[in-house]
1. Could you check the stretch 42-96 for strands (runs of 3 or more DSSP E) lying wholly inside it with 3 or more residues that are exposed (fewer than 13 other Cβ atoms within 10 Å of the Cβ) and free of Cβ contacts under 8 Å to residues at least 60 places away in the same chain?
2. Among what's in the stretch 1-34 and is in a loop (DSSP other than H, G, I, E, B) and touching a residue at least 12 places away in the same chain (Cβ under 8 Å), pick the residue that is surrounded by the fewest Cβ atoms within 10 Å (Cβ to Cβ).
3. If residue 69 satisfies all but one of (1) out of contact with any strand residue (DSSP E or B) (no Cβ under 9 Å at 6 or more places or on another chain); (2) at pLDDT below 90, what's the number of the condition it fails?
4. Quick one: which of 112, 97 is under 11 Å from the mean Cα position of the chain (by Cα) and closer than 17 Å to residue 13 by Cα?
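The values are calculated or read from the model by the stated rules, or taken from the named source; none is laboratory data. Given the structure is predicted, the values throughout are model-derived calculations rather than measurements. So basically every Cβ, Gly included, is an ideal-geometry build from the backbone, and we count neighbours across all protein chains shown.
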């Protein structure tokens, strides 16, 4: 799961519908949704299976995603997002995060069944 999450070529496979992402250089991703585009700085910590991100132009909008061992050899995601004056309601943010998690799970399952 962590490999799928951190592979820049797989971004659009797990980002929620209506959100597109693309690598923008080492440790940087460009994300678009609607007419808004932002740059995110990302750091992958493979030993902790953790991905940290923050908006390039704001230190107060940031988050972490960590894959942890789950039951039956699976994995679970722990997600933390900090956005004090978020442009979208918390309920909508939770819907987007849930959609991304579902898409990531499907991408992992597709990857396992193909190989």
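1. So the answer is 75-82.
2. In this case the residue turns out to be 34.
3. Unmet for residue 69, out of (1) out of contact with any strand residue (DSSP E or B) (no Cβ under 9 Å at 6 or more places or on another chain); (2) at pLDDT below 90: (1).
4. So the residue among 112, 97 that is under 11 Å from the mean Cα position of the chain (by Cα) and closer than 17 Å to residue 13 by Cα is 97.
Let's see how each residue does on (1) in contact with a strand residue (DSSP E or B) (Cβ under 9 Å, 6 or more places away or on another chain); (2) at pLDDT below 95:
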| position | (1), (2) |
| --- | --- |
| 8 | yes, yes |
| 35 | no, yes |
| 42 | yes, no |
| 52 | yes, no |
| 60 | yes, yes |
| 65 | yes, yes |
| 78 | yes, yes |
| 85 | no, yes |
| 94 | no, yes |
